[in-house]
Amino acid sequence: MRSRRQIPAVSKVLEQIAAPDLPRPLVVQTIRQELAQTRRAKQLRGDPVEAVHTTLDQLRRSRLQPVINGTGIIIHTNLGRIPLAAQALNALLEAGRAYNNLEFDLNSGMRGGRGQYLERALATLCQAEAACVVNNCAAALVLIVHHFTQRKLEVIISRGELVQIGGGFRVGEILEAAGATLREVGATNKTSLVDYARAITAKTAMILKVHRSNFFMNGFVASPSTADLVKLARTKKIPIVEDIGSGAVTSSEEFGLREHEPTPIEALCAGVDLVCFSGDKLFGGPQAGIIAGKQRLISALKREPLFRALRCDKLIFAALQATAELHLANSGDTVPVSNFLRLTISELEQRAKKIVAQFHDSAVEAKLEPTKSQIGGGALPRSSIESIAIAFRSRKLSPDEIARRARNAVPPLVGHVANGAFRIDLRTILPAQDEQVASTLAAALQNSRDPM
Ligand SMILES: *Cc1c(COP(=O)(O)O)cnc(C)c1O
């Protein structure tokens, strides 16, 4: 005989749920949804309280919260790209806690220009006449293309540079959304200066060069240098802009990387009118799009009504200002992204050994293994850095189960499964998190409540 228990009332379930960390309306809504589902199923399957607890656990995990990055991918877009420098965090706190002079000139007591000091600092850093800041590098491209395509529509771009960056960001689509008509030139692997020259007509609005940041082509490959393109653009009197993406201000070779990442200074020295890059990739700051170049053009961009829609909040200005000052003071080392790049194997080994020692008597085997960290974020795709991982193996738990438990720990620890082990790369774990790594993982793996 099948028993058909009654579906309990929302209030009855609510009485039995303890979730003081979640806002009550969210808990109530979750219970309603759960009960409605039960009602649709016309039968009580299991304990509704248990089901609500499971759903609330999932809801709790979807809250924005700190995560320990054990993936070894330094610029990890899914994990918020990069941690900020201590100075940037302080600046966030100060800008958020009190009023500030965002648009107020303390010298004259009048309305002031938003981010004037920051723009000056960024211009100096890029050795540019001027600079401005928008929401991200995609917004920078939209603003630039929108500005230059008001009278003439065509943007000339090489077929080898119509790249896709991350989930759903295609340079070609962004340009079209900004109102441009693409004038694609060359082939995927080869574009010559003549290809560009032939494409220039009375309809040409600008030439755009996009850094192939997240992939590389090898073999029968060629494209003209920025300097040659600049020469062509100058003779034809059309603007030329370069999107370098990552915003490396320190030369990548200084970090011991073989690959070269273009810097804004190089692009501007080659003569481009404007260069744009992300604030939260190798630059090491908050999400922002930085545009640097000719004063006349930066002023014109800032006069665009669209600029108002793409502008950043005071918090971003504060964090970016602190980050830019670190670069200007040559203290770029204190920016976590640079720090991560510089960590040596022996430093990593020392830290890893300490963590491993804490699993001495554990049922889980923890072992040091060599690994390779990646830059990520669409930068330096060929450069991996020798690093140290800890591999966790257990006779009772599958690597996927260890990964799941690590993810569900507080704070969550994200790693990856390879060669029958759950692995975490020490390079992207903040030294201050080492203790947490050991304790949360040990607790998560010993948890007997979950089935082994
Ligand atoms: C990452 C990247 C972008 C997008 O930058 P966001 O700041 O994330 O908008 C654009 N162009 C290039 C070449 C990139 O590498």
Report summary line: Taking the range 351-396 and keeping only residues that are away from the ligand (no atom under 16 Å from the Cβ) and basic (Lys, Arg), one is left with Arg351, Lys353, Lys354, Lys367, Lys372, Arg393, Arg395, Lys396
Query raised in the report: Only one of (1) under 27 Å from Glu184 (Cα atoms); (2) surrounded by fewer than 22 Cβ atoms within 10 Å (Cβ to Cβ) is not met by Leu208, so which one is it?
Result: (2)
Report summary line: From the option list Arg114, Arg120, Arg97, single residue qualifying as at pLDDT below 95 and more than 30 Å from Thr71 (Cβ to Cβ) is Arg114
Query raised in the report: Quick one: is Leu92 outside the structural domain of Cys269 (by TED's automatic domain parsing), surrounded by 12 or more Cβ atoms within 10 Å (Cβ to Cβ) and either among the aliphatic types (A, V, I, L, M) or in contact with a Lys or Arg (Cβ under 8 Å, 6 or more places away or on another chain) (or both)?
Result: no
Requested in this report: Name, by its number, the condition in (1) of a type in the set (Ser, Thr, Tyr); (2) surrounded by fewer than 21 Cβ atoms within 10 Å (Cβ to Cβ); (3) at pLDDT 90 or above that does not hold for Tyr196.
Outcome: (2)
Query - Residue that is at pLDDT 95 or above, in the same structural domain as Ile157 (by TED's automatic domain parsing) and more than 14 Å from the ligand (Cβ to nearest atom), where the choices are Val221, Val230 - result: Val230
Query - Residue list for the range 336-379, filter: surrounded by 17 or more Cβ atoms within 10 Å (Cβ to Cβ), over 30 Å from Arg170 (Cα atoms) and not hydrophobic (A, V, I, L, M, F, W, C) - result: Asn339, Arg351, Thr371
Query raised in the report: Ala248 passes all but one of (1) of a type in the set (Gly, Ala, Ser); (2) within 16 Å of the ligand (Cβ to nearest atom); (3) modelled with pLDDT of 95 or more; (4) in contact with a strand residue (DSSP E or B) (Cβ under 9 Å, 6 or more places away or on another chain); which number fails?
Result: (3)
Query raised in the report: Which pairs have Cβ atoms under 9 Å, sit 6 or more apart or on different chains, and link a residue in the range 364-392 that is of a type in the set (Phe, Trp, Tyr) to one that is in a strand (DSSP E or B) and away from the ligand (no atom under 14 Å from the Cβ)?
Result: Phe392/Val364; Phe392/Glu365; Phe392/Ala366; Phe392/Lys367; Phe392/Ala421; Phe392/Phe422; Phe392/Arg423; Phe392/Ile424
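The values are calculated or read from the model by the stated rules, or taken from the named source; none is laboratory data. As the structure is a prediction and not an experimental result, all values here were calculated from the model. Heads up, the Cβs are rebuilt from the backbone with ideal geometry, glycines too, and the neighbour counts pull from every protein chain shown.
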